[in-house]
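The values are calculated or read from the model by the stated rules, or taken from the named source; none is laboratory data. Since the model is a prediction, treat every value here as computed from it, not as a measurement. Virtual Cβ from ideal backbone geometry, glycine too; neighbours counted across all protein chains shown.
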């Protein structure tokens with residue numbers, strides 16, 4: 001999707017391109033430090049490198065610091081700048097009528113993705129954010145670290161529900177919460193990246209909820225990264241089409 005965007009912006013003709021770089025954890029720091037000299041403007045970082053990316057950076061946004069992980073590094077004048085665009089990606093992907101401000105929310109999970117989700121909802125002004133995780137102690141730590149939200153023993157109905165767990169992946173019929181928690185008029189987000197509707201989103205849509213899939217968030221966070229590197233507005237429609245054409 002990034003290469004489609006670079007082509008759309010006319011930057012491919014100037015030598016810009018996006019490529020995959022598999023890096024083992026023990027080579028991460030040395031490899032990243034060498035990339036600016038090789039002509040790289042920035043990189044996206046995925047697991048298992050997000051915490052290492054933050055630790056490596058010379059500068060980091062308050063968002064990356066609060067979440068405790070970075071998924072976007074930008075190289076500028078010899079410095080490495082860290083950002084977590086997962087937060088911006090989620091907020092950009094939400095329909096305007098489901099702006100979190102003043103609303104209730106439920107976050108499922110307590111891993112890295114859930115930390116970004118909780119921070120995003122709190123920073124956007126959600127009125128009440130419930131957090132449910134299989135291991136309550138981990139959820140308690142996350143809530144304490146981010147100084148917001150409350151842990152619940154069982155999922156509760158909310159205006160906005162975000163699944164940041166692997167439960168309910170494509171082809172799996174299990175849901176990460178009881179179906180009766182899904183209500184008409186709510187917005188249900190599944191962070192899973194897939195061209196196929198997950199069991200959770202299918203159930204939510206069947207109950208009259210608005211749904212947002214992981215690819216919409218992927219495109220939104222990718223657009224945020226691209227804009228940091230190029231200084232240009234990202235063509236999100238072009239990126240969205242490319243993402244869905246290449247599952």
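The selection criterion, being surrounded by fewer than 18 Cβ atoms within 10 Å (Cβ to Cβ) and touching a helix residue (DSSP H, G or I) at 6+ places or on another chain (Cβ under 8 Å), holds for residue 3.
Has region 189-201 got at least one residue that is buried (at least 19 other Cβ atoms within 10 Å of the Cβ) and at pLDDT 95 or above? Within region 189-201, one or more residues are buried (at least 19 other Cβ atoms within 10 Å of the Cβ) and at pLDDT 95 or above. Within region 64-103, the set of residues being assigned to a helix (DSSP H, G or I) and out of contact with any helix residue (DSSP H, G or I) (no Cβ under 6 Å at 6 or more places or on another chain) comprises 65, 96, 97, 98. Candidates are the residues of region 62-90 that are over 21 Å from residue 19 (Cα atoms) and crowded, with 19+ Cβ neighbours inside 10 Å; the one that is farthest from the chain's Cα centre (by Cα) is 66. Scanning region 37-51 for residues that are free of Cβ contacts under 8 Å to residues at least 60 places away in the same chain and surrounded by 17 or more Cβ atoms within 10 Å (Cβ to Cβ) returns 43, 45, 49. Considering only residues in region 213-233 that are touching a residue at least 60 places away in the same chain (Cβ under 8 Å) and over 12 Å from the mean Cα position of the chain (by Cα), the one that is nearest to residue 1 (Cα to Cα) turns out to be 226. Report yes if residue 118 is at negative phi and in a strand (DSSP E or B), otherwise no. No.
Of the set (1) out of contact with any helix residue (DSSP H, G or I) (no Cβ under 8 Å at 6 or more places or on another chain); (2) surrounded by 15 or more Cβ atoms within 10 Å (Cβ to Cβ), all apply to residue 178 but (2). Within region 164-188, the set of residues being modelled with pLDDT of 95 or more and within 18 Å of the chain's Cα centre (by Cα) comprises 187, 188.
Considering region 162-245, the qualifying helices (runs of 4 or more DSSP H), each wholly inside and each with 2 or more residues that are touching a strand residue (DSSP E or B) at 6+ places or on another chain (Cβ under 8 Å), run over 199-206, 214-230.
The number of residues in region 8-26 being touching a residue at least 12 places away in the same chain (Cβ under 8 Å), surrounded by 10 or more Cβ atoms within 10 Å (Cβ to Cβ) and part of a helix (DSSP H, G or I) comes to 1.
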